Amino acid sequence: MAIEIPTLPEQMPNDASRYVGKAVNRVEDPALVSGTVEFIDNFSLPGMLHCAILRSPHPHARILSVKVDAALAAEGVAAVLTGEDVGRWCNPCFTAPEGWGNYCLAVGKVRFVGEPVVAVAASSRYLAEDALELVDIEYELLPPVADAGQAMASGAPLVFEERGTNVMLDRTYTWGELERVFAEADRVVSRRFRWNRVGANPTETFGCVCRWDLADNSLVCHGAYQTPRFMAIGRAASLNLPVNRVRIVTHPQGGGFGGKGGPRGTDIAALLSRKSGGRPVKYIEDRMEYLLAGGGQSWDRHYDAALAVKADGTVTGFRVRLVDDQGAGAEGYGTISAAKPLAAFTGNYRIEAAGYELTLVATNRAPTYPYRGYGPPPHNLVLESLMDCTAREMGIDPAELRRRNYIRPEQFPYTVPSGNEYDSGDYHAVLDRVLQMADYDALRAFQAEARAAGRLVGIGVVNTVEPGVFDWNAYATVGVPGVGVPEGVKVAVDLFGGVTVAVGFSLQGQGQFTVASQVAADYFGIDIAQVRVATTPSDVAVPHFGQGGSRLGVAVTGAILGACEKLRAMFCTVAAHVMQAPEGGVELRNGCLRRIDAPEHSMSLAEIAGLMLSRSDLLPPGIEPCPEATYVWTAPNRNAPDDQGRCRSYLTAANATHVAVIEIDRDTGRSAILDYFIVDDCGTRLNPANVEGQLQGGVAQGVGAALYEEYVYDADCQPLVSTFVDYLMPTIHEVPMTKKDHIVTPSPVSPLGAKGCGEGAIHTTPATILCAINDALAPLGKELLETPASPHRVWKLLHEDGAAA
Amino acid sequence: MPNKQRVEVRVNGTRYVREVEPRLTLADFLRHELNLGGTHVGCEHGICGACTVLVDERSARACLTLAVQADGCGITTVEGLRDPSSGALHPIQQAFVDGHGLQCGFCTPGFMMTTLELLRCTPDPSEEQIKEALGGNLCRCTGYQSILDSVKLAAQRMKPSTPA
């Protein structure tokens with residue numbers, strides 16, 4: 001049976017939406033503000049032990065001996081796990097590209113500061129940490145590979161000796177006639193950029209409670225898991241268990257942003273449970289562990305990039321060379337973040353040719369992991385900064401230069417040189433709206449006055465395309481196989497007409513339970529309070545992925561609508577039978593099954609579900625007594641990539657333009673954001689308040705990345721960041737209270753016309769801020785092409801000539 | 001094993017007496033000894049503010065306070081905000097719900113306890129006063145704008161009615 005998913009809210013079987021498109025209060029919130037939500041550290045099992053992990057103080061060293069006898073004899077200690085156990089029982093984690101993975105606990109040598117070496121399970125966390133102090137480890141120090149340059153030097157020490165090189169991947173993509181457009185260009189604008197490491201830092205770190213059932217040889221892991229089924233497959237692979245003997249029970253999470261980590265902590269807690277006779281073991285990562293070596297470091301990049309530009313300002317080519325420091329292995333799929341820019345490589349522009357030289361290297365820094373945006377934030381910073389450099393060189397207003405190069409509304413669907421297809425958009429309208437809202441001409445006049453008075457004021461106007469609804473095919477170039485990302489739900493109607501939506505993921509903050517409730521309530525014409533969204537353990541849930549790639553709002557909407565469409569067909573058949581209507585003579589409308597020829601004859605959802613569950617004698621032939629349906633959604637019309645990585649990958653293409661006004665303090669180098677404007681277009685806004693929250697939250701993270709946050713390593717590869725005193729998260733004082741507006745171009749290809757909208761702001765904000773800073777610096781003839789533009793870094797630039805600029 | 005010390009506290013109006021190790025933090029005491037899990041722990045070094053509670057009416061970082069330091073004190077946690085008889089949300093809680101002042105909700109108890117102290121001391125705060133009060137709490141989700149709006153909404157709703 002072909003299922004038609006409504007592509008606009010008006011196609012739902014009701015006279016008017018009561019919930020979709022409205023800023024309804026979130027169903028998640030009453031429990032969250034009451035403090036009663038079961039975050040993982042609020043969960044316990046009887047007899048539970050607590051894990052503490054001893055971590056490497058060295059970036060690169062051989063482990064000569066590990067003595068744990070004293071720790072094992074310490075008070076309250078039930079088990080001690082070492083590399084010897086892990087080498088015997090486990091496999092290194094799967095990676096993309098393959099073969100760059102570590103074991104969950106160091107075996108033979110350590111590759112980064114903070115790598116787990118020994119773990120203890122004891123009756124309390126305090127006692128477990130006490131016992132770690134009794135562990136004695138002898139190391140032989142090895143020369144570290146401190147950065148990407150060292151990694152590629154001949155004769156460099158090897159992070160993974162068996163690989164024979166530190167280069168994980170070295171590929172060149174050419175899309176279109178790149179050499180020709182650069183040869184024919186009237187101007188080539190090139191720069192080198194450095195994006196330093198930042199990371200997710202959700203307020204809750206990773207945590208889990210694992211229990212290895214020794215009789216059944218099965219494993220149950222409760223935890224803060226973003227992608228439960230993916231986690232189950234990974235644990236089965238690393239712990240040598242059949243997948244159907246691993247159950248992942250995901251709990252609500254205190255944020256994720258991709259960088260929650262999890263595999264190492266889970267495997268360690270699971271093995272400690274195995275070693276302690278099957279007692280449950282809790283591991284709660286602390287913030288110092290997270291900052292040193294958790295799943296929270298991303299994007300350590302060196303760029304060489306250039307635009308080919310014609311005399312009239314038409315940009316014809318974009319060439320990027322990226323050397324990406326992945327740290328000690330690919331365990332965190334940090335590699336994917338170098339592949340994702342293919343989905344929107346040339347941004348909002350009609351650039352006809354592009355090239356990408358990609359080198360991923362291993363060093364002795366901590367392994368990199370996903371972080372919200374997953375790669376495009378640095379890529380967009382490079383592209384958009386080059387657009388500003390071009391505008392400055394040519395004496396064209398930066399907004400005008402962009403406008404001249406935009407993909408035009410009538411060109412959609414538009415295939416970019418790197419292969420993805422943008423579904424829809426109107427970039428000119430978004431730019432017009434934001435320039436009007438910001439009163440751009442007045443801003444430029446204000447800037448001119450300020451400059452005349454000697455102030456360093458700059459304006460950034462930056463637009464980006466947000467690839468939304470990720471597909472595995474986008475990441476094939478770094479070795480992740482697959483097309484399609486199943487997201488499934490089960491929708492069940494109970495005896496009383498209540499609706500339960502069973503999903504495979506849990507709360508993480510984006511409000512997907514609310515969106516699911518809105519969609520199901522509107523579809524069946526019931527009150528939102530009659531919908532319940534419930535998380536299912538990974539082993540019994542329908543195929544699912546969870547949060548990731550600005551995908552889940554759209555994907556879960558599609559899955560619910562698919563299941564609802566199945567239920568509608570089933571209920572109509574049952575109702576027609578019992579109401580003695582002709583086949584096809586009943587429709588669902590506003591929550592009632594009614595005869596089309598006599599709408600006064602109708603049945604409620606509760607009547608239909610009750611009849612199906614309790615009066616099998618009245619059911620038509622072939623109908624099971626089951627008022628439930630599952631549906632697994634994946635984006636339609638995706639394809640496998642070609643030899644240059646080109647494919648229809650991300651389903652939707654939202655876009656936004658940000659305008660920032662920044663003033664730099666000459667004495668301190670501090671950049672103050674004086675004003676900030678956003679206009680975006682993410683199609684249908686299923687819950688406008690959720691969308692605004694995603695935007696503003698992304699701005700905050702973008703501000704952090706652009707101005708404050710940085711994982712600093714010294715020349716010996718020792719991390720200098722281990723607390724929030726060193727890693728500067730933006731507070732309410734640093735984040736601008738943005739002025740926002742939007743336009744709506746519904747996606748013609750997605751459920752209800754919604755586009756992925758979770759990452760657009762972090763894609764755009766760092767570039768906007770850096771462009772504004774460089775606009776402020778322009779009169780001094782200075783440029784800053786490194787992030788974060790911290791006060792220290794800006795001050796040094798201002799004062800490099802010896803005197804205050 | 002270090003000697004245990006007796007701690008007597010009144011949390012959200014209920015009296016508790018426990019023997020605890022001197023090194024036990026107030027956060028761990030509340031969460032794991034008293035099973036009041038609404039006070040969350042985000043950094044354990046006093047920066048993020050997720051664990052903020054009121055100790056004798058003043059905001060304190062439960063991660064940097066030892067349980068024994070709270071001996072004899074009255075403590076208010078997020079569990080003490082709802083009306084105990086009706087179960088109704090406190091106006092601050094309701095304002096955070098209505099103002100979409102949270103996403104993942106992990107930092108929210110800390111923000112609400114800080115807000116409670118602010119509005120008790122400054123019932124009609126300016127935007128700058130709100131920012132000053134909340135400047136010690138980190139939120140990674142919201143970008144603070146909806147939190148600011150929620151606090152303004154709470155202040156407006158809690159303002160003692162002025163004579164006409």
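Taking B:Pro84, is it surrounded by fewer than 24 Cβ atoms within 10 Å (Cβ to Cβ), out of contact with any Leu (no Cβ under 7 Å at 6 or more places or on another chain) and modelled with pLDDT under 95?
So B:Pro84 fits the description; yes.
For the range A:121-158, what are the residues that are under 30 Å from A:Pro46 (Cβ atoms), open to solvent by 60 Å² or more (accessible area, probe 1.4 Å) and outside any helix (DSSP H, G or I)?
Passing the criteria: A:Ser123, A:Glu133, A:Leu134.
Which residue out of A:Val86, A:Val66 is assigned to a helix (DSSP H, G or I), at pLDDT 95 or above and under 28 Å from A:Ala146 (Cα atoms)?
Matching residue, one of A:Val86, A:Val66: A:Val86.
When you look at A:Leu674, is it outside any loop (DSSP other than H, G, I, E, B), in the same structural domain as A:Ala338 (by TED's automatic domain parsing), more than 27 Å from the chain's Cα centre (by Cα) and on the phi < 0 side of the Ramachandran plot, yes or no?
It is true that A:Leu674 is outside any loop (DSSP other than H, G, I, E, B), in the same structural domain as A:Ala338 (by TED's automatic domain parsing), more than 27 Å from the chain's Cα centre (by Cα) and on the phi < 0 side of the Ramachandran plot.
Looking at the range A:427-439, is at least one residue aromatic (Phe, Trp, Tyr) and in contact with a Ser or Thr (Cβ under 9 Å, 6 or more places away or on another chain)?
Yes, the range A:427-439 has at least one match.
Any idea which of B:Thr65, B:Thr115 is closer than 26 Å to A:Tyr727 by Cα, touching a strand residue (DSSP E or B) at 6+ places or on another chain (Cβ under 8 Å), open to solvent by less than 30 Å² (accessible area, probe 1.4 Å) and among the polar types (S, T, N, Q)?
B:Thr65
If I go through the range A:707-742 residue by residue, how many of them are among the aromatic types (Phe, Trp, Tyr) and at the interface with chain B (Cβ under 7 Å from one of its Cβ atoms)?
1
Tally the residues that are closer than 16 Å to A:Gln644 by Cβ, assigned to a strand (DSSP E or B) and not hydrophobic (A, V, I, L, M, F, W, C), restricting the search to the range A:319-365.
Residues that pass the stated criteria total 4.
So which of B:Leu64, B:Leu54 ends up being more than 11 Å from chain A (Cβ to nearest Cβ), touching a residue at least 24 places away in the same chain (Cβ under 8 Å) and part of a strand (DSSP E or B)?
B:Leu54
Just checking, does the range B:78-93 include any residue being of a type in the set (Lys, Arg), out of contact with any strand residue (DSSP E or B) (no Cβ under 9 Å at 6 or more places or on another chain) and more than 12 Å from every other protein chain (Cβ to nearest Cβ)?
no
Search the range B:1-28 for residues being hydrophobic (A, V, I, L, M, F, W, C) and within 14 Å of chain A (Cβ to nearest Cβ), and hand back the single one that is surrounded by the fewest Cβ atoms within 10 Å (Cβ to Cβ).
Once the filter is applied, the top-ranked residue is B:Met1.
What's the number of the only condition in (1) within 24 Å of A:Asp439 (Cβ to Cβ); (2) buried (at least 20 other Cβ atoms within 10 Å of the Cβ) that A:Ala778 fails to meet?
Answer for A:Ala778: the failing condition is (2).
Test of understanding: among A:Val430, A:Val457, which residue is part of a helix (DSSP H, G or I), in contact (Cβ under 8 Å) with a residue 60 or more places away in the chain and not small (Gly, Ala, Ser)?
A:Val430
Please pick out the residue among A:Thr573, A:Thr557, A:Thr536 that is under 40 Å from the mean Cα position of the chain (by Cα) and over 23 Å from A:Gly21 (Cβ atoms).
A:Thr536
Grab the strands (runs of 3 or more DSSP E) fully contained in the range A:159-227, keeping just those with 1 or more residues being open to solvent by 60 Å² or more (accessible area, probe 1.4 Å), within 28 Å of A:Tyr711 (Cβ to Cβ) and touching a residue at least 12 places away in the same chain (Cβ under 8 Å).
So the answer is A:167-175, A:187-195.
Do the conditions hold for B:Gly99, that is, is it open to solvent by 10 Å² or more (accessible area, probe 1.4 Å), more than 24 Å from A:Ser506 (Cα to Cα), in contact (Cβ under 8 Å) with a residue 40 or more places away in the chain and within 10 Å of another protein chain (Cβ to nearest Cβ)?
No.
Anything in the range A:27-63 that is assigned to a helix (DSSP H, G or I) and either of a type in the set (A, V, I, L, M) or without any contact (Cβ under 8 Å) to a residue 12 or more places away in the chain (or both)? List them, or say none.
Scanning the range A:27-63 gives A:Asp29, A:Pro30, A:Ala31, A:Leu32, A:Val33, A:Ser34, A:Ile40, A:Asn42.
Which one is farthest from the other protein chains (Cβ to nearest Cβ), of the residues in the range A:507-532 that are surrounded by 24 or more Cβ atoms within 10 Å (Cβ to Cβ) and not in a helix (DSSP H, G or I)?
A:Val531
From the residues in the range A:690-706 that are at the interface with chain B (Cβ under 7 Å from one of its Cβ atoms) and under 9 Å from A:Ala761 (Cβ atoms), which one is nearest to the chain's Cα centre (by Cα)?
Among residues in the range A:690-706 that are at the interface with chain B (Cβ under 7 Å from one of its Cβ atoms) and under 9 Å from A:Ala761 (Cβ atoms), the one nearest to the chain's Cα centre (by Cα) is A:Gly697.
Would you mention how many residues in the range B:134-144 are more than 16 Å from A:Ile762 (Cα to Cα) and at the interface with chain A (Cβ under 7 Å from one of its Cβ atoms)?
3
Considering (1) away from chain B (no Cβ under 14 Å); (2) under 30 Å from A:Asp130 (Cβ atoms); (3) crowded, with 21+ Cβ neighbours inside 10 Å; (4) not charged (D, E, K, R), say which one A:Ala52 fails and leave the rest.
(1)
Which residues, counting only those in the range A:712-765, are open to solvent by 10 Å² or more (accessible area, probe 1.4 Å) and of a type in the set (A, V, I, L, M)?
Across the range A:712-765, the qualifying residues are A:Val712, A:Ala715, A:Leu720, A:Val725, A:Leu728, A:Met729, A:Met737, A:Ile743, A:Val744, A:Val749.
Pairs please, first residue from the range B:29-47 and within 13 Å of B:Asn137 (Cβ to Cβ) and at the interface with chain A (Cβ under 8 Å from one of its Cβ atoms), second anywhere and polar (S, T, N, Q) and open to solvent by 20 Å² or more (accessible area, probe 1.4 Å), Cβ atoms under 9 Å, 6+ apart in sequence or on different chains.
B:His40/A:Asn42; B:Cys43/A:Thr723; B:Ile47/A:Thr723
Given (1) over 30 Å from A:Thr535 (Cβ atoms); (2) open to solvent by 10 Å² or more (accessible area, probe 1.4 Å), where does A:Ile5 come up short, assuming only one miss?
Here A:Ile5 meets the rest and fails (1).
Taking the condition within 22 Å of A:His544 (Cα to Cα) and more than 31 Å from the chain's Cα centre (by Cα), does A:Glu624 pass?
No.
Taking A:Leu588, is it open to solvent by less than 20 Å² (accessible area, probe 1.4 Å), in contact with a strand residue (DSSP E or B) (Cβ under 7 Å, 6 or more places away or on another chain), closer than 21 Å to A:Glu624 by Cα and more than 14 Å from chain B (Cβ to nearest Cβ)?
no
The values are calculated or read from the model by the stated rules, or taken from the named source; none is laboratory data. Here the structure is a predicted model, which means the values were calculated and not measured. We place every Cβ from the backbone using ideal geometry, glycine too, and count neighbours over all the protein chains shown. We work out accessible area using only protein heavy atoms, side chains counted, and drop any ligands, DNA or RNA first. Shrake-Rupley method; radii C 1.70, N 1.55, O 1.52, S 1.80 Å.
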